[in-house]
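Student: Handing you this structure, nothing more for now.
Readers should treat all values here as calculations from the given coordinates under stated rules, not as data from a laboratory. Values in this document were obtained by computation on a predicted structure and should not be read as measured data. All Cβ positions, even for glycine, are placed from backbone atoms using ideal geometry, and neighbour counts span all protein chains on display.
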Amino acid sequence: MIEIKTLASSSAGNAYTVTDGNTTLLLEAGIHFRDIQRAVGFRMSQIAGCLISHEHGDHRKAAADLAKAGVEIYASQGTLGALQLPRHRTTALTAKKQVVIGSLTVLPFDVRHDAEEPLGFLLGNQAGEKLLFATDTYYIPYRFPGLTHIMVECNYSEAILDSNIIDGRVPAIQKKRLQRSHFSLENFKDFIRANDMSKVQEIHLLHLSDRNSDEAAFKRELQELTGKPIYIAER
Ligand SMILES: [Zn+2]
Ligand SMILES: [Zn+2]
């Protein structure tokens, strides 16, 4: 059984743990190392590896400290190049090439973000569960059959963003950047409609924007659309 724990999820920092009971992975390292240590009860040796989607600070802050503490860092060649970590603690991932970490399989795939070589991850365990992790992408170019767990960014709603721009709370130029870098509620709905939801047990919304999102409305709308439990990852 897959268990997901959010340590942080926003543009200030992102980190999650995922475990199937045998193998525990850290997804992202965008908070202080000591906060990660605290969250895992200082048992760093139980972390089988850390997957990092891309090099932005809110996803990689603790990467060097984790490597120093002996945690293997998994990321694309492009991301690793930007992170500049000691080589003996890193494994380069290639989109569409599966790796095995303990009892979990990890299939990286390319996403769309303003970073060197950003990746999303499809995790699988021996019980046949499948977890999709995708954040900081304005588009998910693939369909994933048989998902059981979904962790996907739901950064902003176009309607809220537009009204913030009209009211002068958000500069108009930000819309262009968001549309080319982050996943919106509208994208999320399209993604859900395009994918097989029959086995999905839980959906976690990640990386909500402080200004351009509405937790309660996102949760309600997606619950109505999917009939699945929706969790807002704690910021
Ligand atoms: Zn981010
Ligand atoms: Zn980013």
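Student: Karplus couplings for segment 71-84 from phi (6.51 cos²θ - 1.76 cosθ + 1.60, θ = phi - 60°), rounded to Hz, Gly and Pro as x?
Tutor: 8, 5, 9, 10, 6, 5, 4, x, 5, 4, x, 6, 7, 6
Student: Segment 31-75 to segment 114-159: how many Å between their Cα centroids?
Tutor: Value for the Cα centre distance between the two parts: 20 Å.
Student: Okay, moving on. Over the Cα atoms of segment 3-232, what Rg and Dmax result, in angstrom?
Tutor: In Å, with Rg to one decimal and Dmax whole: 17.0, 51.
Student: Among 2, 36, what is the fewest-to-most ranking by other Cβ atoms within 10 Å?
Tutor: Neighbour counts put them in this order, fewest first: 2, 36.
Student: What aspartates and glutamates does residue 97 reach when the alpha-carbon gap must be under 17 Å and sequence neighbours fewer than 8 apart in one chain are set aside?
Tutor: Cross-link targets: 110, 117.
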